[in-house]
Every structure is written in structure tokens, then in C-alpha cells.
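Okay, so here's the structure we're looking at.
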Amino acid sequence: MATRLLIPPFGWIYDTFRPITELLIRLIAGGALAFHGYQILFGNIEGAGRFFESVGFEDGLLWAWVVGILEFGGGLLLALGLLTRLAAVAIVIYHWPFGFNWEARGIEYPLFWAIVVFHFLIHGGGRFSLDALIGREI
């Protein structure tokens, strides 16, 4: 049984944008991840390294490079819809011991990213992706 709209005149808006919402989520999520990685790699890699050491990672500069490359490269892949399932890998283990609240380094924000990338892990890049254009996915 089809759901009836509470405000039927809005139906054309839903029908118009329904095919591209997945694309928009992928572009924004991938672009944001790539931007974060870009800031690490081309902004202040030494500062990022000091941050990683301050939260308990040994050889923080190495981890800054690893995270910067993964965020920048993975974000670009996710935004482009290329190797989408491979790019949709999120690690939230670091944040778990701090609880839920993001302001206390908790899991709230990483959980948001985890569910966004989980969607693309399960569904792939969608109709408007390079994966779909080339006809191959992982």
C-alpha cells in the first residue's frame, strides 16, 4: 500500500530530487572527508602529528600521513563514486571509550560518518557514479 502524502503538492519535489539524493550525500560526505585529509596533508602535518601523539599514538607524524592519505584519497573516491565500497571504511574504535558526546571525543560524530559510509559499503556508488559508468564494482 502506497503512503499518502500529508501535503500532496510537495509530491513533485520528492519525485524530482529522489533520484539524486544518494549522489548528493556521496558528494558532500566524500568532499568533507577529502577536505579534512587535504588540511592534514597540505596544511599542518606536524600539528596533526602532535595531536596524534597527544592522544596516545606513537610516531604521530606517521599516523598523520596515514590518516591524511586515507581521508583525502578515500574521500575523493567516495565523492567520485569510484571503488566506492573500498572507500567506505570507517574506524571508530578510538572514540568508543569516550562515550557518546562528540565534545568529549565520543562516538557521536564518527558514528554519523560510519552510518553514511556503511550505506555506500552496502549499496555501492549508485546510478550516478564512476563505478556505474564503467560497469564494475568491488
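Nothing in this text is a laboratory measurement; each read-out follows from the coordinates by a stated rule. This one's a predicted model, so the numbers in the text were calculated from it and none came from an experiment. Methodologically, a virtual Cβ is constructed for each residue, glycine included, from the backbone with ideal geometry; neighbour enumeration extends over all protein chains shown.
Of note:
- Distance (nanometres) between label positions extended 7 Å along Cα→Cβ at Gln39 and Glu108: 1.8
- By the Kirkwood approach, averaging reciprocal distances over each pair of separate Cα atoms, segment 1-45 gets a hydrodynamic radius of 13.4 Å.
- Under the Karplus curve 6.51 cos²θ - 1.76 cosθ + 1.60, θ = phi - 60°, whole-Hz ³J(HN,Hα) for segment 10-27, x wherever Gly or Pro sits: 7, x, 5, 5, 4, 5, 5, 9, 3, x, 10, 5, 5, 4, 4, 4, 5, 5
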